[in-house]
Structure formats: C-alpha cells, structure tokens
Amino acid sequence: MKIHEYQARELFAAYGLPVDQAYICRNVEDAVRAYHDLDAPLVVVKAQVHTGGRGKAGGVKLAKDEIELRQHVANILWMDINGFIVDRVLIGKAVNIASEYYVSYVIDRKTKSTILMVSREGGMDIEEVARTSPEKIHKIPIDPLIGVPDYLAREAAFKLFDDIKLVRKTATIFQKLYKLFIDTDASLAEINPLVLTEEGEIKAIDAKMTFDDNAIYRHPKIAALYEPTEEEKKEQNAKSKGFSYVHLGGQIGCMVNGAGLAMATMDMIKLYGGEPANFLDIGGSSNPTKVIEAMRLLLSDKNVKVVLINIFGGITRCDDVARGLLEAFNQIKTDIPIVIRLTGTNEKEGRALLEGSRFHLAETMGEAGKKAVELAN
Ligand code: GDP
Ligand code: MN
C-alpha cells in the first residue's frame, strides 16, 4: 500500500527524522494562506500523488512570491502525472540545497533481507544511476536479529559523508528510519533526496513509504490512509462479486474458470504474441448472471478488443455452461468478437449448442489463443 509524501513526512516526524513542517492544500486560496503562515523567502509547491518522478513531470516548483505561488499551485493542481491526477499540493519552506543523497530501506530478494541503500548521487536521476553506474549505489544487508547498530549505521554514513559530524547525524537518521521501517511493516522507506543544506544541516526533503498489504491489518492508522486507484476500485468490486480479477492492460479480455487455467490462458495469449487485458477467475458454476457480471467487467475496459472464454467443465457440465453463455449474450449487446473454448464433461453437447452462434469456437487452448490474438490484430 502506498501513502502520500505528506503522510510519510508525518511518520518521519514522529520518529524524529529531520523533516520541515508543511501544509497540505486542495486549492489556491488555501495555498496562499499556507504561504503567508510559512513566512519564508522561498517556498516549495509539490504535487501529492502515488507516483514518483514528480519533479521531472513539473510537479515540484519553487515560488519566491505570492504571484509565483498562485501560478505554480494553479498549474500543478489537476495535473496528470503518470496517469495520476493531482488533487492536493504540499506547501513547505524551501531548503537551500548544497548536495542531494539517496537513502532507502527496501526488501531485497537476492540477499533475502532488508537492505539499506545509499548513494551520493541522490535526486531525480537515481534510476539512471542504477542503470549506468550501479557501483555508486551501496547496498548494506541488515540482519533482522541485529538491526542497525551504531557501527553499521556509521559505516553506511561514511558512504555519503567524510566529515565525522555529518556522519554521526546521518547514522542516527539511518537508525530512526530503520525503526520506522520495521515498526510499520514497510516494504519501502525512501528519502530521495536527503540533503545537506547550505547552512550545514541534514534534511529529508522527500519521503516515500509503501507497506506490506499482508501486514496492514496490524496498523489501523496507516490502513486508514488507503486511497484505491480506479483500477483497485474495480478489482475490489470484482472481489465482492466472488471474482478474482487483476487488470493487466492488454487487449484480450479473459474469462476463465479456475486460477490455474486462467494463468495458463494468459501464457497461451502471450505465446501467440498477444497481451492479456486481465486475469479473471470466475470460479465454478455456469450461472448466466455471473457470466453477465463478468462480461460487464471485461467490457468496461476500453482496451479490450476480443474476449477469450476458456472453460473447463469438471463438476460444471459444458452443456450447462453453453446454455448459460447463450442466455447471457442474449442480454449483453456487444460487437466485440468472442472466442470460446469449452472442454471437459459433455463438451460435444456444449459445442453443439454453440454451433451457428456468433461465437468463435475453439477446441484446444492453442487454437483459442491463436484465434484471439488474430482477432485482436
Ligand atoms: P520527486 O521528483 O517526485 O522525487 O520529488 P522530490 O520531492 O524528490 O523533488 C524533486 C527535486 O526538486 C529534488 O531532487 C530537488 O532538487 C528539488 N526540490 C525539492 N524540494 C526543494 C527545496 O525545498 N528546495 C530546492 N532548492 N529544491 C527542491
Ligand atoms: Mn524524490
């Protein structure tokens, strides 16, 4: 689960991490009030969205007077950043940056542990640094039984600073951030950038946290910050109807009974060069209302060009499924081509029922996948 920067800043502050006070505003007038309250020569306006790269997208701006502030807030509010619409901005005192550093705790699969990642090349291009000069990013594995003792924190801090005073300050930051990371069952706690100011202070001017969904029940205060995306809302709605649905973004909508078969269906689509629009397991049963609900869900995705229905009749009989499908498609009006592969108990009877209908029938998985991809192209 993701939270916004301003929410992560509050957690940071509660753990004694060096973040400045900031305001959260949903319109220009609120921002102007915040600006006057801050009474600073320079303020920063920052888009609050569940995605990174805000700076590059124009979602982080400095303002030196009220006129500039109004302009930036008006421009940033309702901006689209990587598909996320900005509905609030953070207004804070701008910091005079001398240099920017990267700091994060993240779960690392390779070492099967939490790692502390630090780099002198912090700021907006950390992904670029990771690609072109990975040796500039230091990864320090953390033993969960030992945590981050002083010596380890200092050793890590020496990767960023040579001055012992700065090393000591930074080491404490590493320890506090680790405590926060562990206490909240986070999967990421990131400060990018951690900055050294012109005045010689160390400050976190960005804060990013994500949490392990499986542990979120242990943290009701964090759980309350959950803001589902449009896709997540759709997935939850599907869940409430007994489906397991995951949006994937391709053009071939899949309706399958059984999770394993749904996975195999997606593989088959990929094998023939197509992209599945979703994973959808509708479970057992040939109930037409369920098929209608599932079709509505698939067709609400505007990328879907073809629907592939892959049903294995085990306990459910294929002729029942065929009758259910015919009934369902009497009610759903759509021009989208439908490929159906029915196999298992009473498959001949089932296929016979669908013969002469508008459906494209396939006997094998391969045939179904191939046909769906052809139709999508
Ligand atoms: P991100 O692009 O979404 O990661 O947003 P950040 O909060 O990291 O901001 C992007 C960049 O804006 C930072 O790397 C800084 O260079 C700059 N920036 C952010 N806040 C300030 C500030 O208070 N003062 C100055 N001078 N620059 C800032
Ligand atoms: Mn950042």
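The values are calculated or read from the model by the stated rules, or taken from the named source; none is laboratory data. No experiment lies behind these values; they were computed from the predicted model shown. All Cβ positions, glycine included, derive from the backbone under ideal geometry; neighbour counts span all protein chains shown. Surface accessibility is based on the protein's heavy atoms, side chains included, excluding ligands, DNA and RNA. Shrake-Rupley method; radii C 1.70, N 1.55, O 1.52, S 1.80 Å.
Kindly indicate which of Asn96, Asn75, Asn82 is open to solvent by 60 Å² or more (accessible area, probe 1.4 Å), away from ligand 2 (no atom under 15 Å from the Cβ) and either under 17 Å from Lys208 (Cα atoms) or in contact (Cβ under 8 Å) with a residue 60 or more places away in the chain (or both). Testing whether each residue is open to solvent by 60 Å² or more (accessible area, probe 1.4 Å), away from ligand 2 (no atom under 15 Å from the Cβ) and either under 17 Å from Lys208 (Cα atoms) or in contact (Cβ under 8 Å) with a residue 60 or more places away in the chain (or both) leaves just Asn96. Residue count for the stretch 203-225 satisfying the condition of being under 17 Å from the mean Cα position of the chain (by Cα) and in a strand (DSSP E or B): 4. For Tyr178, state whether it is open to solvent by 70 Å² or more (accessible area, probe 1.4 Å) and aromatic (Phe, Trp, Tyr). Spelling it out, it is not the case that Tyr178 is open to solvent by 70 Å² or more (accessible area, probe 1.4 Å) and aromatic (Phe, Trp, Tyr).
If you check Leu145, Leu116, Leu152 for being assigned by TED's automatic domain parsing to the domain that holds Asp206, at pLDDT 95 or above, of a type in the set (A, V, I, L, M) and open to solvent by 80 Å² or more (accessible area, probe 1.4 Å), only one passes: Leu145. Checking each residue in the stretch 201-227 for being without any contact (Cβ under 8 Å) to a residue 40 or more places away in the chain and either open to solvent by less than 40 Å² (accessible area, probe 1.4 Å) or within 16 Å of ligand 1 (Cβ to nearest atom) (or both) picks out Ala215, His219. Scanning the stretch 16-53 for residues that are assigned to a loop (DSSP other than H, G, I, E, B), under 17 Å from Val195 (Cβ atoms) and open to solvent by less than 20 Å² (accessible area, probe 1.4 Å) turns up Leu17, Ala40.
Restricting attention to the stretch 333-377 and to residues that are under 14 Å from Ala322 (Cβ atoms) and among the hydroxyl-bearing types (Ser, Thr, Tyr), the residue that is modelled with the lowest pLDDT turns out to be Ser357. His360 passes every criterion in (1) of a type outside the set (A, V, I, L, M, F, W, C); (2) touching a residue at least 24 places away in the same chain (Cβ under 8 Å); (3) touching a helix residue (DSSP H, G or I) at 6+ places or on another chain (Cβ under 7 Å) apart from (2). Is one or more of the residues making up the stretch 280-288 out of contact with any Phe, Trp or Tyr (no Cβ under 9 Å at 6 or more places or on another chain), modelled with pLDDT of 90 or more and open to solvent by 10 Å² or more (accessible area, probe 1.4 Å)? No, that holds for no residue.
Screening Phe181 on (1) of a type outside the set (Val, Ile, Thr); (2) touching a Leu at 6+ places or on another chain (Cβ under 9 Å); (3) assigned to a loop (DSSP other than H, G, I, E, B) shows it passes everything except condition (3).
When the stretch 136-175 is filtered for residues that are in contact with a strand residue (DSSP E or B) (Cβ under 8 Å, 6 or more places away or on another chain), of a type in the set (Lys, Arg) and not in a strand (DSSP E or B), the ones remaining, listed by number, are Lys136, Lys159, Lys169.
Applying the set (1) farther than 19 Å from Ile146 by Cα; (2) buried (at least 22 other Cβ atoms within 10 Å of the Cβ); (3) away from ligand 1 (no atom under 16 Å from the Cβ) to Ala186 leaves exactly one unmet item: (1). Inside the stretch 119-136, residues that are within 22 Å of the chain's Cα centre (by Cα), within 16 Å of ligand 1 (Cβ to nearest atom) and open to solvent by 70 Å² or more (accessible area, probe 1.4 Å) make up a count of 4. Taking the stretch 284-377 and the helices (runs of 4 or more DSSP H) fully enclosed by it, the elements with 2 or more residues that are of a type in the set (Lys, Arg) are at 288-299, 347-354, 365-376.
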